[in-house]
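Asker: Provided herewith is a single structure, encoded as structure tokens, for subsequent inquiry.
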Amino acid sequence: MFYLRVGFAAAMFLRWIATLFVSSLPAAAGLAMAAAGAAGETGRHPQDGQHVDLRFELRSDALVADISMNLVFLDEVLPPHREQPDRIELSELRAVEGELTARMADLCVITVDGRRIAPRIEGLAMNDPDESLLPLFPISGMRGLRKVRFDLVHPLDSPLGEPSTISFVWHAYPLDLLAIVEPKPRLVIAAELVAQGVRSQMAFSEAEPEYLWHALRGGLDARLTTVPKPAAPRGRTTLVLGGACAAFGIVSVLVAAWRRQRGPAFLGGALVLIGGFLMIRPPNATAELPDAAQAKVIFDAIHANLYRAFDFAEESAIYDALERSVDGPLLEDLFLTIHRSLVMQEEGGAVSRVREVRRDEVKIESIGVVPPSVGHGAADSSPLEMGAGAASELASFIADCRFQVDGRVTHWGHSHDRTYEYQARYRVVARPQGWRIAEVEVISQSRVDSPVPPSEQKPSPADGLLDL
């Protein structure tokens, strides 16, 4: 998620940030690396032509559309009312504020719970473009570089509180001036919505101009896949029951011996005593282990939730979502990586997102027990190996997963899609709070939509287990 202002230095910085993002990310999990890879190709931004950038945010009192557009797009919206064709003064922009508000009300139609909302414009502003980028705009010239921005505010005064449904309809689709086919197609407008703390990607086209949003009830849990809970290990209940049996056996044997009885009473007491001691300290005390089918269901749910953390907007929600899937140093590193990307987004421009994750193949390689220190940087923890158990060890399994990640980078209202394929091995451990990914080992990584031959594609820099 990168958002950088127009300028050659910014474009080069974006490319560097993408490289940094890939190298700092847990490559074995493949978290957002497809999006980062797509962002790595945006160094040639900005591009010529008409551009509009739409960012919607649902607030407690209003639905706000943060809109920026270059003069080429503005001239598609309003007939030019300015002295110079390739620039606009702030006074000229303010003079047409009323006309722009009316026009935007027709182009950006917001309907909340069946009621159309009339907008107002706030925060009219202009950019100060880097004129050294002018050679990149042979068609539109400075009209392509100069941008205006404003907030289109749709006030919400519903007595019922938060809306249940919101309809977004966008009606402005200029011809794509960069298209090499004739007739030139209409632009597809990429946008983003933040509502209820969740980021959603939007795409408006002449064929499908509407995006319908529905409120989701239930908080964080409603947005995450339910992960089966670990089976209760033979622990406290067995210990208590075994202790009671042992105590009863001891009393029975002592009573029989005191009465000098060597018959069934003595034998029964002895058997109960032996059974009690075996329950207290069974020969092979281990946690209850899932079978292969159960382990796959557990892994699928955890892996899906891992990526859904990227949809949340608030830091606390991101951390809470990640905490449901991973723990130990891996949790901290993932959170810091996402936090850095969110900070970069605030600086404005291209936004990189994970669109979809597809698990093509999941193999459960082994099921066993591991010490609680696994995944917490302990010296006795070998990469992705199972051990024989002691009573204190935790149920665990290793999953080998081949999956694809679709990423999309959006900048100046247009987007680029990239797909990366990964194969990785995950150690999943039954922590007291539930199943968690403790360690990851990358096996392979490649861009599958790339024209570059596989022999020329660079593998992941990860070597063995990533000690995060």
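Asker: Across the stretch 372-421, what is the total count of residues that are over 25 Å from the mean Cα position of the chain (by Cα), surrounded by fewer than 18 Cβ atoms within 10 Å (Cβ to Cβ) and modelled with pLDDT of 70 or more?
Answerer: Qualifying residue count, the stretch 372-421: 2.
Asker: Applying the selection to the stretch 429-449, what residues are out of contact with any Pro (no Cβ under 9 Å at 6 or more places or on another chain) and either more than 20 Å from Q404 (Cα to Cα) or at pLDDT below 55 (or both)?
Answerer: Within the stretch 429-449, Q433, R436, A438 qualify.
Asker: Next question, about the same structure. Got a sec? Which strands (runs of 3 or more DSSP E) wholly within the stretch 112-211 have at least 3 residues that are among the charged types (D, E, K, R)?
Answerer: The strands (runs of 3 or more DSSP E) meeting that bar are 147-155.
Asker: Could you look through the stretch 308-324, keep only residues that are in contact with a helix residue (DSSP H, G or I) (Cβ under 7 Å, 6 or more places away or on another chain) and in contact (Cβ under 8 Å) with a residue 40 or more places away in the chain, and pick out the one that is surrounded by the fewest Cβ atoms within 10 Å (Cβ to Cβ)?
Answerer: Taking the stretch 308-324 first, the residues in contact with a helix residue (DSSP H, G or I) (Cβ under 7 Å, 6 or more places away or on another chain) are 308-310, 312, 315, 317-324.
Retained after the next criterion (residues that are in contact (Cβ under 8 Å) with a residue 40 or more places away in the chain): 308, 310, 312, 317, 320-321, 324.
On the way: R308: 20, F310: 22, F312: 23, A317: 18, D320: 15, A321: 22, R324: 22.
Among those that are in contact with a helix residue (DSSP H, G or I) (Cβ under 7 Å, 6 or more places away or on another chain) and in contact (Cβ under 8 Å) with a residue 40 or more places away in the chain, it is D320.
The values are calculated or read from the model by the stated rules, or taken from the named source; none is laboratory data. Given the structure is predicted, the values throughout are model-derived calculations rather than measurements. Don't worry about glycine lacking a Cβ; one is built from the backbone with ideal geometry, like all the others, and counts go over all protein chains shown.
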